[in-house]
Amino acid sequence: MLKFYLSVAMLMAVFQEARSQGNGPGLWGARSAGLGQISAVLADDGWAGANNAAALGSLREIRVGVGAENRYLLPSLNTVSVVAAVPLGYQLPAAPVTGVPAAVAADAPRYGVLGITAQRFGGRLYSEQRVGLGYGYRLGTVQLGARVEMLQTSLEALGSRRVVVASLGGQADIIPRKLTFGATLYNLTQARLARYQDERVPTVLRAGLAWRPSEKVLLLAETEKDVEQDADFKAALEYQPLPVLALRAGLSSLTGQLTGGAGFRAGQFQIDYAAGWHEALGLSQQVSVAWHRVAKQP
């Protein structure tokens, strides 16, 4: 009987977490995880292909990243992710801007950037697999992007379902290289998973601001709204005391979750770690590693 109750409790935890995963945008990269799961306004990030395809438009170099996440110390709530960004053509470097890191001030690729993403979440009872292709392009102070994703959900004894999910994204420099607005719309077509109770993939809108008051400090705020749930307000801070080190902290109002993390740059590698604490469910952790190759100028 004890084993039965434990199994039921585990199933409830898995399904509840699956619902929070929600077949929605998902969580990509430890940088976003450490910043309160803010994603729409992040720039110079190899995980942009999944978080906001528009941000791909500024990546001037080939990037490949892998990541792993565990939620609440439960083996059935693991996530493994892989991303890649491939610029199409290059421009000459931008002129130096006082008080702005070179990565932020860089010009965009001439023909945009392609982003490839893949992720698996869950365990034997319930799992999600997704593969996506995105494209981002920068035009002056505005960046636009789109992404198509194949999402498969699998439930033991009930089989699996596949749907195609489309999303749009945009970013704009309100104050060039200082204040940026970003927004994404996930599942704009309202893809349906099952006819029973008209179950659909969540449609999620995210919008936020990123303010860089100095070279070392980045302040972020974002609102996320699932059309069937309450809005979630997020706030975060990223502090870079050294060129190779970034410290991060964030919070989410809807889940009451506090997050933190750090990023380390070692040559062509970027290593990020994040941890989040949920008052009721406990600890979540994520680590991601990204590699970039500096593009040769024509």
Net dipole in debye of region 173-213 [+1 Lys, Arg Cβ; -1 Asp, Glu Cβ; about Cα centre; nearest 20]: 160 debye
Karplus 3J(HN,Hα) series, Hz, for region 76-82 with 6.51 cos²θ - 1.76 cosθ + 1.60 (x for Gly, Pro): 7, 10, 9, 10, 10, 10, 9
Residue-span extension gain [Val142 to Thr223] - 0.36 nm each, minus C-alpha spacing: 27.1 nm
Estimated vicinal HN-Hα couplings, Hz - region 280-285 in sequence order (Karplus 6.51, -1.76, 1.60; Gly, Pro = x): 9, 9, x, 8, 10, 9
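Sort Tyr111, Tyr126, Tyr273 by heavy-atom solvent-accessible area, probe 1.4 angstrom, most to least. Write down the numbers at each step before the final one.
Details: Tyr111 135, Tyr126 30, Tyr273 90 Å².
My answer, sorted largest first, is Tyr111, Tyr273, Tyr126.
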Pairwise label distance in nanometres, Tyr72 with Val244, each label 7 Å out on the Cα-Cβ vector: 3.9 nm
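The values are calculated or read from the model by the stated rules, or taken from the named source; none is laboratory data. Keep in mind it's a predicted model, so treat the numbers as computed, not measured. Heads up, the Cβs are rebuilt from the backbone with ideal geometry, glycines too, and the neighbour counts pull from every protein chain shown. Each accessible area value is taken on the protein alone, full model and side chains, heavy atoms only, with ligands, DNA and RNA left out. Shrake-Rupley method; radii C 1.70, N 1.55, O 1.52, S 1.80 Å.
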